Amino acid sequence: MDRGLMGMCVNERRRLVVPPHLGYGSIGVAGLIPPDATLYFDVVLLDVWNKADTVQVSTLLRPPHCPRMVQDSDFVRYHYNGTLLDGTAFDNSYSKGGTYDTYVGSGWLIKGMDQGLLGMCPGERRKITIPPFLAYGEKGYGTVIPSQASLVFHVLLIDVHNPKDTIQLETLELPPGCVRRAVAGDFMRYHYNGSLMDGTLFDSSYSRNHTYNTYVGQGYIIPGMDQGLQGSCMGERRRITIPPHLAYGENGTGDKIPGSAVLIFDVHVIDFHNPADPVEIKTLSRPAETCNETAKPGDFVRYHYNCSLLDGTRLFSSHDYGAPQEATLGANKVIQGLDIGLQDMCVGERRQIVVPPHLAHGESGARGVPGSAVLLFEVELVSREDGLPTGYLFVWHEDPPANLFEDLDLNKDGEVPLEEFSTFIKAQVSEGKGRLLPGQDPEKTIGDMFQNQDRNQDGKITGEELKLKSDEDGERVHEEL
């Protein structure tokens with residue numbers, strides 16, 4: 001029999017014919033085998049091993065990128081199919097609806113599996129063959145693993161981490177000229193793809209067509225992401241690998257992130273700001289001639305502009321309308337940050353103005369502008385006119401006429417209708433004796449002035465109704481005159 005088994009393979013079937021002198025000879029076995037009997041054996045080899053055997057590892061598939069390999073004391077999540085050496089299945093993780101999760105090299109696994117998992121990469125497939133003395137030995141296990149059985153495991157490693165791990169950062173793309181990096185307390189807008197270590201996508205901001213917006217370093221997001229976003233630049237793309245103790249821990253979350261899962265985020269930082277940020281102003285060019293007067297609150301200005309997000313997304317441009325934008329500074333006609341950025345400009349000057357959202361459209365955004373967006377303006381001041389004092393619709397360049405009402409009453413009938421009033425005011429403007437509030441339809445401005453002086457609203461102004469600002473003396477002033 002010894003000689004007959006030599007060279008057999010597992011699952012091989014042989015018929016062995018054993019002559020009496022190599023069997024039980026002339027004695028036989030009482031009651032079973034007569035003397036001088038030739039014996040016939042039909043044999044199937046189920047298992048074979050040697051005391052000198054070690055764990056046998058065959059790599060079936062190894063991913064091209066291996067971020068790390070399994071070491072002693074690591075925590076692993078893997079799928080497996082377990083069979084005896086003859087192919088008889090005794091267990092598998094797939095039927096249990098989840099991975100097998102355990103520490104390596106800590107006595108939680110049979111010795112052969114502890115050894116066979118070492119050096120594996122996430123996504124790698126291995127065949128691990130374990131001799132019985134490194135598995136369940138003489139005792140076997142229950143009814144499924146017999147005594148002295150060699151075990152074969154087909155293993156797929158899902159992920160691996162160590163309880164001492166910190167986040168891992170990999171810069172995928174760094175834009176040139178990074179002058180500022182995110183710090184704790186900044187508010188950031190970013191896109192991301194989130195996947196497990198085996199590549200399974202569990203979430204993406206792109207699928208919602210909306211950035212993820214949050215404060216960094218303030219505990220609003222998982223600790224690993226809080227750490228991983230700090231130090232990033234606007235426009236940067238980075239990969240953040242987060243161990244479970246800095247993500248969702250042993251319990252996971254929802255039905256897409258299992259317990260003890262390592263998470264990988266590919267992040268594109270769109271912009272960030274701090275609630276304390278001021279407007280950032282950079283002069284691109286100034287006119288060659290001397291600039292003696294600059295734009296100030298109250299001035300009426302005309303300017304061209306291009307407005308974009310910090311990632312280059314174009315939003316608006318005055319060039320699309322074929323004419324400069326018009327505004328009175330300090331009159332809440334434009335967003336506060338742009339108003340600030342236009343002040344102190346010379347006509348012909350070009351500036352780059354970065355406006356944080358709290359000085360722009362805030363958390364809600366506006367039509368075409370995302371919430372919490374930092375805005376980038378490139379502006380050129382085309383013209384500037386001195387404004388009027390707050391509340392004024394018209395001012396005199398010199399002292400007003402001594403007999404103002406008589407000059408207004410063109411036909412000398414003792415009352416001034418709107419037509420006479422309008423003709424007089426236009427003449428003062430034409431002759432350079434006074435000026436109207438810039439940036440508003442002159443007819444409307446003159447009409448407002450008339451309504452303010454026509455105190456009894458009868459359609460005409462009398463001498464008793466007409467008052468200059470200096471004559472109001474504490475009353476609510478109609479500051480056009």
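Just to check I understand the Karplus step: with θ = phi - 60° and J = 6.51 cos²θ - 1.76 cosθ + 1.60, what whole-Hz values come out for the stretch 141-156, glycine and proline as x?
Karplus values, whole Hz, x for Gly and Pro: 8, x, 9, 9, 10, x, 4, 6, 8, 6, 10, 10, 10, 9, 10, 10.
Give the carbon-plus-sulfur fraction of the accessible surface of the chain in %, rounded to a whole number; probe 1.4 Å, heavy atoms of protein chains only.
Percent of accessible area from carbon and sulfur atoms in the chain: 49.
Indicate the gyration tensor shape class of the stretch 171-215 (rounded, prolate or oblate), computed on the Cα atoms with a ≥ b ≥ c the square roots of the eigenvalues: a/c under 1.5 is rounded; otherwise a/b larger than b/c is prolate and the rest oblate.
Because a/c hits 1.5 or more and a/b exceeds b/c, the stretch 171-215 counts as prolate.
For Thr445, what accessible surface area do you get with a 1.4 Å probe? Give it in Å², rounded to 10.
0 Å²
Distances over 17 Å make up what percent of all Cα-Cα pairs in the stretch 247-331?
The answer is 75 percent, as a whole percent.
For the stretch 76-119, what does the accessible surface come to per residue with a 1.4 Å probe? Please give it in Å².
Ligands and nucleic acids excluded, the figure is 46 Å² per residue.
Give the ranking of Val17, Val216 by solvent-accessible surface, highest area first, calculated with a 1.4 Å probe.
Val17, Val216
Along the Cα-to-C-beta direction of Gln168, a point sits 7 Å from the Cα; which residues of the stretch 205-225 have their amide N less than 18 Å from that point?
Within reach of a label on Gln168, which here means backbone N under 18 Å from a point 7 Å along Cα→Cβ, the stretch 205-225 contributes 224-225.
For the stretch 356-399, what are Rg and Dmax over the alpha carbons, in angstrom?
Answer for the stretch 356-399, Rg first and Dmax second: 17.6, 51 Å.
Can you tell me the relative contact order of the stretch 65-180? Whole percent, Cα pairs under 8 Å, sequence separation 6 or more.
Computed over the stretch 65-180, the figure is 32 percent.
How large are Rg and Dmax for the stretch 1-117 when calculated on the C-alpha trace, in angstrom?
Every Cα atom of the stretch 1-117 included, Rg and Dmax give 22.4, 69 Å.
Show Arg181, Arg350, Arg189 ordered by accessible area, largest first, where the area counts protein heavy atoms only and the probe is 1.4 Å.
Arg181, Arg350, Arg189
Find the accessible area per residue for the stretch 168-207; the probe is 1.4 Å, ligands and nucleic acids are left out, and the unit is Å².
Computed with neighbouring chains in place, this is 53 Å² per residue.
I'd like to check one number: the per residue accessible area of the stretch 287-331, probe 1.4 Å, reported in Å² as a whole number.
Averaged over the residues of the stretch 287-331, the accessible area is 55 Å².
Relative contact order, percent, of the chain when contacts are C-alpha pairs under 8 Å separated by at least 6 residues?
In percent, rounded to a whole number, it is 9.
Using 29 Å as the Cα-Cα cut-off, could you pick out the over-long pairs in Lys51/Lys96; Lys333/Lys444; Lys282/Lys444; Lys412/Lys433; Lys296/Lys460; Lys412/Lys444?
Lys51/Lys96; Lys282/Lys444; Lys296/Lys460
Not counting ligands, DNA or RNA, and with a 1.4 Å probe, what is Glu173's accessible surface area in Å² rounded to the nearest 10?
Counting only protein heavy atoms, the figure is 90 Å².
The values are calculated or read from the model by the stated rules, or taken from the named source; none is laboratory data. As the structure is a prediction and not an experimental result, all values here were calculated from the model. Cβ sites come from the backbone with ideal geometry, for glycine too, and all protein chains shown count toward neighbours. Note: accessible area is taken over every heavy atom of the protein model, side chains too, but ligands, DNA and RNA are not part of it. Shrake-Rupley method; radii C 1.70, N 1.55, O 1.52, S 1.80 Å.
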